[in-house]
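K.L.:
Would you mind keeping the following structure in view while I ask a few things?
Just so you know, all these numbers are worked out from the coordinates, no wet-lab data involved. The structure presented is a predicted model; accordingly, all values stated were derived computationally and were not measured. We place every Cβ from the backbone using ideal geometry, glycine too, and count neighbours over all the protein chains shown.
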Amino acid sequence: MDFKYIKLDNTNFNLDYFKQFIGNEKWKNKIDCQKCSIPYHYGVIGYYDNINKYEGNINGGRSQNGEDGLLKYIFDIINVEYKYCIEFGAGNGEWLSNTYYFRKILNWNSLLLEGNNEEVKKGNNKGEKTLYNEYITKDNINELFKKYNVPKNIDLLSIDLDSIDYFVFDKLDINKYCPNVIIIETNPGLPNNIPLIMDPNNSNNNTGYFGCNLLAVYDLAKKKGYEFLTTVKWNSIFIKKEYFDKFNIPIISREECIKKYFKPNNYWVSINMHNISKQKNYLTY
């Protein structure tokens, strides 16, 4: 991929742009954000009429936004094949974990990788047997999988690094390690009219400069043989192309993905809006 640099400024980061996505996210109860200066909410009270109606916390789950409820539904449809999942960064293995339910309730085998050794110690002290302290880079992911004897066939991969998520996914050798379902975090404070990806040599969560937008990861997943299924807030879910027909829905186009599934987040839109001048250039193509 040949990238070029682009600088976000007030001409290409317009607060009004995000208003068109109000209502993509449905709330059971209104959620206020005390840390942002945006005078409206992107989410609305209501109910989903698509696959997202299955998102929600389930007994024994630990995901942040009900991702594990939706993931369980997905595996109910496509069937669990290997009972193996991977998560990074995994924290202490429990807090906000997308794989906890599958590991602890359904007894899947797993690999958990986390760069913060203090979190790893907490998890190990609570009995986590497959949680390891590893600093993941865009160049070492396949070597780490080899180190921990990851099998080729994987049911679920959860990527949440708050930084180089795009590049780690890009570098993952799908011919050697092939997840059926991938859930990956995006930056919900970025516009999606063009692909935007953080420079892997720079990251600053304090200014909102991290990760990539939904459009960029949509394109990457397509290239690697996955179809977009949905988003749960800022997490996007992709499934192997050969399983998509099981859901009896049309392929979701690039344009439809953004129009109907991009869910801006008040806090991160506000952070980006106030820190554009401090941010490094983004990569695009």
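K.L.:
By how many nm would the segment from ASN79 to LYS146 lengthen if fully extended, with 0.36 nm per residue of separation less the alpha-carbon distance?
P.N.:
21.5 nm
K.L.:
How are the Cα pair distances of region 1-106 distributed, in percent, across 5 Å bins from 0?
P.N.:
Result, from short to long distances: 2, 9, 14, 15, 14, 14, 15, 11, 5, 1 percent.
K.L.:
How much length, in nm to one decimal, is gained on full extension between ASN153 and ILE6, taken as 0.36 nm per residue of separation minus their Cα-Cα distance?
P.N.:
Full extension from ASN153 to ILE6 adds 49.2 nm.
K.L.:
Mind listing the phi-derived Karplus ³J(HN,Hα) values for region 6-11, rounded to whole Hz, using 6.51, -1.76 and 1.60 with θ = phi - 60°, and x for any glycine or proline?
P.N.:
Each residue's phi maps through the Karplus curve to give 9, 9, 6, 8, 5, 7 Hz.
K.L.:
Once you put a point 7 Å from the Cα of GLU255 and another 7 Å from the Cα of CYS33, both along the Cβ direction, what distance in nm separates them?
P.N.:
Taking the two extended label points, one gets 2.8 nm.
K.L.:
Could you give the nm distance between label points at VAL44 and LYS171, where each point is 7 Å from its Cα heading toward the beta carbon?
P.N.:
Spacing of the two 7 Å Cα→Cβ label points: 4.3 nm.
K.L.:
How much of the pair distance distribution for the chain lies past 25 Å, counting alpha-carbon pairs only, in percent?
P.N.:
Result: 46 percent of Cα pairs exceed 25 Å.
K.L.:
Could you derive backbone 3J(HN,Hα) for region 142-153 from the dihedral phi with the Karplus parameters 6.51, -1.76 and 1.60 (θ = phi - 60°), listing whole Hz in sequence and x where the residue is Gly or Pro?
P.N.:
Here the 3J(HN,Hα) series is 5, 5, 5, 4, 5, 4, 9, 6, 5, x, 5, 9 Hz.
K.L.:
Helix 67-78 against the longest principal axis of the chain: what's the angle in degrees, Cα atoms only, rounded to the nearest 10?
P.N.:
It works out to around 60 degrees.
K.L.:
Going toward the positive end of the dipole of the chain, with +1 on Lys and Arg Cβ and -1 on Asp and Glu Cβ, which of GLY43, ALA216, VAL120 do you reach last?
P.N.:
So the residue we want is GLY43.
K.L.:
Contact order normalised by length for the chain, with contacts defined as Cα pairs under 8 Å and 6 or more residues apart; what percent is it?
P.N.:
It rounds to 21 percent for the chain.
K.L.:
Treating only the Cα positions of region 79-237 as identical point scatterers, give the base-10 log of I(q)/I(0) from the Debye formula at each q in 0.09, 0.19 Å⁻¹.
P.N.:
Result of the Debye calculation: -0.27, -1.29.
K.L.:
Could you rank the peptides 13-20, 109-116 by their average count of other C-beta atoms within 10 Å per residue, with the highest value first?
P.N.:
In descending order of packing, they fall as 109-116, 13-20.
K.L.:
Also, quick follow-up: Which ³J(HN,Hα) values in Hz, rounded to whole numbers, follow from the phi angles of region 130-137 under the Karplus curve 6.51 cos²θ - 1.76 cosθ + 1.60, where θ = phi - 60° and Gly and Pro get x?
P.N.:
Those phi angles translate into 10, 9, 10, 8, 9, 9, 7, 10 Hz.
K.L.:
Let me ask something else. Can you list residues from other chains, or at least 5 along the same chain, whose modelled amide H is less than 5 Å from the amide H of LYS224?
P.N.:
It is none; the list stays empty.
K.L.:
To continue, here is another question. Based on DSSP, what percent of beta bridges with both residues in region 4-284 are antiparallel, to the nearest 5?
P.N.:
Here the antiparallel bridges make up roughly 45 percent for region 4-284.
K.L.:
For LYS246 paired with SER277, estimate the spin-label separation in nm (one decimal), with each label point 7 Å from Cα along the Cα-to-Cβ line.
P.N.:
Result: 5.2 nm between the two label points.
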